[in-house]
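Structure first, then comments.
The values are calculated or read from the model by the stated rules, or taken from the named source; none is laboratory data. Keep in mind the model is a prediction, meaning the values are calculated, not measured. We place every Cβ from the backbone using ideal geometry, glycine too, and count neighbours over all the protein chains shown.
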Amino acid sequence: MYFKFLVASFFALGAISAVVASPEPSALEKRQSSEIDIKLRLAVDNLKTAVAVILPKIDKVVATVGSVGDSIVPLLQELVDVLDRTAVTIDIISKTGQASIVVVDEIARAVALIYTDIIKCTNDALGKRPTFKDVFTKSGLEAALVKFLSSLNGVLSGVVKAISALLKLLSPVLNALGWTRLVAALNIQA
């Protein structure tokens, strides 16, 4: 008789412990995560919009007959500044918590598209104007891309791995551009 009581008590205690120890996030945690997701999406969308404005300007300068490397410097600086500002914004967001795992794929795809556009623009520019290589190298663009990835990984773990998978096919282009730090940050090989 005592044995049945002891077993029943043991199972009751186990059930209560399972409910109490449940990893279910509180309403506050859910709301904070949702707010972080929204802020992160907004930051990436703003970056996408800014890059979509800057890259055609770079293409136009490169296509202009007689353009010199100095004519592209302000546009590259603008691109670096946008990446740096977005990285700072994401660093601030990360201080409030982590984004939910639900947005990893969405953010990874958006960032991979942004990076693809920047890589393509840079590769096209250097293909048409090899003399611009020094200007691109000194612009700090690669460092800004790496810094942005680092900030993004701080608020959304696993996102760099997802971005790497999406950009793997571009590794020969990245190596040709000499962007070894970005290749290392993405952990992709040619």
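Taking VAL19 as meeting all but one of (1) under 27 Å from the mean Cα position of the chain (by Cα); (2) at pLDDT below 90; (3) surrounded by fewer than 12 Cβ atoms within 10 Å (Cβ to Cβ), write down the number of the exception.
Failing condition for VAL19: (1).
Scan the range 74-90 residue by residue and report those that are of a type in the set (A, V, I, L, M, F, W, C), touching a residue at least 60 places away in the same chain (Cβ under 8 Å) and surrounded by 17 or more Cβ atoms within 10 Å (Cβ to Cβ).
If the condition is that a residue be of a type in the set (A, V, I, L, M, F, W, C), touching a residue at least 60 places away in the same chain (Cβ under 8 Å) and surrounded by 17 or more Cβ atoms within 10 Å (Cβ to Cβ), then LEU76, LEU79, VAL80, LEU83, ALA87, ILE90 are the ones that fit.
Pick from ILE93, ILE118: which is in contact with a Lys or Arg (Cβ under 7 Å, 6 or more places away or on another chain), buried (at least 19 other Cβ atoms within 10 Å of the Cβ) and either in contact (Cβ under 8 Å) with a residue 24 or more places away in the chain or closer than 13 Å to LEU177 by Cβ (or both)?
Selected residue: ILE93, the only one of ILE93, ILE118 that is in contact with a Lys or Arg (Cβ under 7 Å, 6 or more places away or on another chain), buried (at least 19 other Cβ atoms within 10 Å of the Cβ) and either in contact (Cβ under 8 Å) with a residue 24 or more places away in the chain or closer than 13 Å to LEU177 by Cβ (or both).
It is to be established whether one or more residues within the range 138-153 are touching a helix residue (DSSP H, G or I) at 6+ places or on another chain (Cβ under 6 Å), basic (Lys, Arg) and either at pLDDT 95 or above or part of a helix (DSSP H, G or I) (or both). Give the steps one after another, and end with the answer.
Kept after step one, since they are touching a helix residue (DSSP H, G or I) at 6+ places or on another chain (Cβ under 6 Å), are these residues of the range 138-153: 139-142, 144-149, 151-153.
Narrowing the set further to residues that are basic (Lys, Arg) leaves 147.
If we keep only those that are either at pLDDT 95 or above or part of a helix (DSSP H, G or I) (or both) too, we end up with 147.
Looking for residues that are touching a helix residue (DSSP H, G or I) at 6+ places or on another chain (Cβ under 6 Å), basic (Lys, Arg) and either at pLDDT 95 or above or part of a helix (DSSP H, G or I) (or both), one finds at least one in the range 138-153, hence yes.
Just one of (1) at pLDDT 95 or above; (2) more than 16 Å from the chain's Cα centre (by Cα) trips up VAL68, so point out which.
Evaluating VAL68 over (1) at pLDDT 95 or above; (2) more than 16 Å from the chain's Cα centre (by Cα) leaves (1) as the failure.
How many residues does the range 114-137 hold that are at pLDDT below 95, charged (D, E, K, R) and either assigned to a helix (DSSP H, G or I) or out of contact with any helix residue (DSSP H, G or I) (no Cβ under 9 Å at 6 or more places or on another chain) (or both)?
Of the residues in that region, 3 qualify.
May I ask you to list the residues in the range 33-73 that are part of a helix (DSSP H, G or I), surrounded by fewer than 16 Cβ atoms within 10 Å (Cβ to Cβ) and either without any contact (Cβ under 8 Å) to a residue 60 or more places away in the chain or touching a Ser or Thr at 6+ places or on another chain (Cβ under 6 Å) (or both)?
Matches in the range 33-73: ILE38, LEU42, ASN46, THR49, VAL53, PRO56, LYS57, LYS60, SER71.
Looking at the range 159-175, is at least one residue under 28 Å from SER71 (Cα atoms), assigned to a helix (DSSP H, G or I), within 13 Å of the chain's Cα centre (by Cα) and touching a residue at least 24 places away in the same chain (Cβ under 8 Å)?
no
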